[in-house]
Every structure is written in structure tokens, then in C-alpha cells.
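The structure appears below as C-alpha cells.
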Amino acid sequence: MDFAFTAEQLQFKSQVLKFAKKEIVPRVREHELNSTFDFESWRKLGEFGLLGLHFPEEYGGSGADVITSVLAGEALGEAGVDAGLTLSLGAHTYLCTDTIFTHGNEEQRRKYVPKLARGEWIGCMGLTEPGAGSDVASLKCRAERVDGGWLLNGNKMFITNGSIADVAVIYAKSDPEGGHAGISGFIVEKGTPGFSVSRNLHKICVRTSMTSELVFEDCFIPEANLLGPEGAGFMMAMQTVEWDRSALLAPFLGGMQFVMEKCVRYAQERVQFGKPIAAFPAIKQKIANVKIVLEAARPLVYRIAWCKDQGRPMSHLEAAVAKLFIGEWSLGPLNDAMMLHGGYGLCHEYDVERVFRDSRLAPVGGGTSDIQKMIISKLM
Ligand SMILES: Cc1cc2nc3c(=O)[nH]c(=O)nc-3n(C[C@H](O)[C@H](O)[C@H](O)COP(=O)(O)OP(=O)(O)OC[C@H]3O[C@@H](n4cnc5c(N)ncnc54)[C@H](O)[C@@H]3O)c2cc1C
């Protein structure tokens, strides 16, 4: 395994860092405070090519490798972009567009991927339901075959970008008796009669990312919008795990780097008892705690990206370890980072409390820590 990045990859990372600091970060605090999606930043991410980095150029992308996508995600977090915007980017790119690109037929690819990859359209993916989270195979949303297509009925819960998406990849039961093999994927366009958004959920974290409940009532989906073979929905949803555990986790690494740099600066500048607080062993230990977890987490994420670039099958055990490690082990160090800033650490304008709050998504979204432990123990 060789984790030495190429000069091109490193150069791109520093370009993304510079771009994000200048073009995105100045609006983060306002949108985070108001829990609003930043359409202006979205447009800029699209112009910079960050909404379709790994897709081939003929489909509106830049043909980048997975490691480059990971480094770009890290750079966004490192610049101070909030994990709400990077979650929206991840759900759009990896859970929606990539699923259409990977499993769609040529007509579907041509129709949806370029507009999504360029950021002209926003994408989302709906798997979770009010009654089906960890146990996704128990989902109730029904796809009933009718003349010329399918009728969707049911609800989807916690859908990132749900209320702002132009295109949704929706998983539903096409065969209620079929278990995992009874789930199919469908491409649903905004404005399709019978498809509506009932609400956005207000959250403690990733507040700039819209998290919505979707409703389908006798929603007719033409046969042309069945995604992949009938009954392949569960397999398609599970394949996104490789992205979940690499490019989608990368901004959390960047967020830790961002916080660590803030801690070092603050500790050198803040004077108490006549010296910078950096002189106190308790403060040094807090900074070291952030660094230790960050350095341990990085190779876990890089390894999954590297496997994907090499075309090697990803180890589900290693992927679960990466997800669990970042979700669980970042909590203590990020709390330390917040405490290091004293009262200011609890204030919005210092950003540290935001990174702490946003980090709470990692042990929940895309499979909770309990589920990762279950996977790990099953595969051992
Ligand atoms: C901000 C946000 C964005 C999201 N975006 C999307 C999205 O874009 N698309 C999408 O489809 N979903 C999305 N989700 C849903 C997310 O993947 C689920 O919330 C997650 O999988 C957990 O499901 P649940 O919330 O229903 O919890 P549940 O599955 O009900 O779990 C409740 C508790 O029980 C525990 N538990 C459950 N089963 C077991 C078990 N067998 N052993 C031990 N403990 C167990 C869990 O760990 C948890 O602590 C998002 C969620 C959030 C919060």
C-alpha cells in the first residue's frame, strides 16, 4: 500500500483549500445560524468541479480518482466549510449521482449525470423511512407495477437535500415477500405528481443541510425510471458504502485539522496566570488528543479510497472500523478542543462548537456505531 500522494493530487488539495477559504467559508456562520442551505456556495462548488469530480468528462465530471475526491473533501473541512454543506455534497454526488452513473442505463446516464455533476441539478437518495432505519430491508415504501411503470406509495425520512433536490434515487419494495431482493431503485424527478416534501427537520448538527421527510402518494414512475434491474435496490444502496466510508467521511478529518490548528493558535495567544495557556500541560494534552485521533483516522479513510482506486474489493470490516473510529473517537478530542477555548469555545463565532456538534452525525448517518460494531463482530 502506498499512501504517497502525487504532486498533482496535493496541488489540487491546496487549490480546493484556497478556493473554499475565499469563496465558501465567509458565508458558513450565517447559514449555520439560520439553518439555511447556501445555494450560492453550491453554485460555486459546481463551477469549481467539486460536485462531480470523479465522473468522466463526457458526463460533466473531471475524471478524478477517489483519493483526489477524498483530499478535496478533507480540504473543504480543513478550510472551515461546515459538515452540513459537505454532507449535502456527499449525498448529492455519491449517494445519488454515482448510483445513477454506476447502475443506470445509457439513456439515464446521459439525461441525469451531466446536469447533476455540473451542479445544475441537486440530487438526493431516499432509503430510510420513519419505521425503517438500521433495519433498511424492513422498509414499507411500496412500488406496485402498473401499466407502463410503477406506483410509489410511502414515506422517506431524514433525506439529505430532500426538500431542494431536483432528482431523487428512491428505494421501494417492488416485491413485499422478497426480503432484500424485493427492493428496487427508482429515479424520481421533482414535480412528479404524487411526490411531495412534508417537512424539514431542525437538528443539532449539519444544520445547513436540509434533512427532509418525503411523501409518495400514488406517484406514477415510468418504466424508463426503474434504476438497475428490478430487485437490485438493496445491493445498489449497499454499494454506496465505499463512498460513505471514504469521500463522505473525509470532511470530518478536515474538520479535525481545522479545529486542531485553531487550538494551537488560541493556546499560543490566550494568556492566563501571566503566560500563554499553551504552557500548561493540561492544554498540551488536549491538543495532542486531537492530533492522535486525526493521525489514526486518516489512514483508515485513505485505505478505503486506495482500494476503490485499485479496483480491489473493499473490506466491509475495515470500512466499518473506519466509520466507527471517526464517529466515536472524535467525540473526546473535539470536546477537549472546545474546552480549551473556555467560554469562547461555546460561542458560535469561534466555530469549534459547530465542528463538535457536526461531528455527531458521524456515529448516526449511514449506519450507527451499534450497527458498525455488529458488522465488525459478525465478520471476525
Ligand atoms: C442528518 C441526517 C442525514 C441523513 N441522510 C440520509 C439520506 O440522505 N438518505 C437516507 O436514506 N437516510 C439518511 N439518514 C438516515 C440515517 O442513515 C439513519 O438515521 C441511520 O441509519 C439510523 O437509523 P434510525 O435513525 O432509524 O435509527 P434506528 O435504526 O431506529 O436506531 C435507534 C437506536 O437503536 C440502535 N440499534 C438499532 N438496531 C440495532 C441492533 N441490531 N443492535 C444494536 N443497536 C441497534 C441504533 O444504533 C440506535 O442507537 C440521515 C440521518 C441523519 C440524522
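Of the peptides 6-12, 192-198, 66-72, the ranking by mean beta-carbon count within 10 Å, highest at the top, reads 66-72, 192-198, 6-12. Using a Gaussian network model on the chain with a 10 Å cutoff between Cα atoms, which of P26, P281, P222 fluctuates the most? The residue that fluctuates most here is P281. What is region 7-117 by shape, rounded, prolate or oblate, if you read a ≥ b ≥ c off the alpha carbon gyration tensor as root eigenvalues and call it rounded for a/c under 1.5, prolate for a/b larger than b/c, and oblate otherwise? Oblate. Straight-line reach from K308: taking Cα to Cα under 18 Å and skipping same-chain neighbours fewer than 8 places apart, the lysines in range are K323.
Please give the net charge around S174, taking every other residue with its beta carbon less than 14 angstrom from that of S174, where Lys and Arg add +1 and Asp and Glu add -1. Charge balance in the 14 Å sphere: -1. Put a dot 7 Å past the Cα of Q15, heading toward its Cβ, do the same for D309, and the two dots end up 1.6 nm apart.
Backbone phi angles across region 233-246, fed through the Karplus curve with coefficients 6.51, -1.76 and 1.60 (θ = phi - 60°), yield HN-Hα couplings of x, 4, 4, 5, 5, 5, 5, 6, 4, 4, 6, 3, 9, 10 Hz in residue order; Gly and Pro are listed as x.
Among the lysines of region 123-233, pairs at least eight places apart or on separate chains and with Cα atoms under 19 Å apart come to 5. Oblate is the label for region 62-168, because a/c, from the alpha-carbon gyration tensor with a ≥ b ≥ c as root eigenvalues, is 1.5 or above and a/b does not exceed b/c. Close amide-amide hydrogen proximity is noted between K190 and V167, A168, each under 5 Å apart and 5 or more residues distant or on a separate chain (H modeled in the peptide plane; Pro and chain starts excluded).
In the chain, helical runs assigned H by DSSP with n ≥ 4 each contribute -39500 (n - 2.57); averaged across all residues and rounded to the nearest 500, the mean residue ellipticity at 222 nm is -14500 deg cm²/dmol. GNM remark for the chain: springs join alpha carbons under 10 Å apart, and the peak mean-square fluctuation among G126, G154, G80 falls on G154. Straight Cα distances below 19 angstrom link K111 to the aspartates and glutamates E57, E58, D98, E120, D166, E189, E223, with same-chain residues fewer than 8 positions distant left out. Across region 50-60, rounded Karplus estimates of 3J(HN,Hα) from the backbone phi angles (6.51 cos²θ - 1.76 cosθ + 1.60, θ = phi - 60°) give 7, 9, x, 3, 8, 7, x, 4, 5, 10, x Hz, Gly and Pro being marked x. Charged neighbours of H31, selected by a Cβ distance under 15 Å, balance to -1 (K, R count +1; D, E count -1).
Ordering of 84-92, 115-123 by packing is 84-92, 115-123, highest average first (other Cβ atoms within 10 Å, averaged per residue).
Find which of F216, Q239, I204 sits farthest along the positive direction of the dipole of region 197-250, computed with +1 on the beta-carbon of Lys and Arg, -1 on that of Asp and Glu, about the Cα centre. Comparing the listed Cα positions along the dipole, I204 ranks first. Placing a label point 7 Å from the Cα of N335 along the Cα-to-Cβ direction, the residues of region 279-305 whose backbone N falls under 19 Å from that point are 282-294. Computed over the chain with a Gaussian network model linking Cα atoms closer than 10 Å, the most mobile of N153, N289, N34 is N34.
Rounded to whole numbers, the Karplus 3J(HN,Hα) couplings from phi for region 129-135 are 10, x, x, 9, x, 4, 8 Hz, using 6.51 cos²θ - 1.76 cosθ + 1.60 with θ = phi - 60°, and x at Gly and Pro. Using C-alpha pairs below 8 Å separated by at least 6 residues, the relative contact order for the chain is 17 percent.
A simple spin-label model places pseudo-atoms 7 Å from Cα toward Cβ; at K373 and T6 they are separated by 4.2 nm.
Starting from the Cα of N105, move 7 Å in the Cα-to-Cβ direction to define the label point; list residues of region 202-233 whose amide nitrogen is under 12 Å from there. Residues 223-230 fall inside that zone.
Throughout, read-outs are computed from the coordinates displayed, never taken from laboratory work. Please read these numbers as outputs of a predicted model, since none were measured by experiment. Cβ atoms come from the backbone with ideal geometry, glycine included; neighbour counts cover every protein chain shown.
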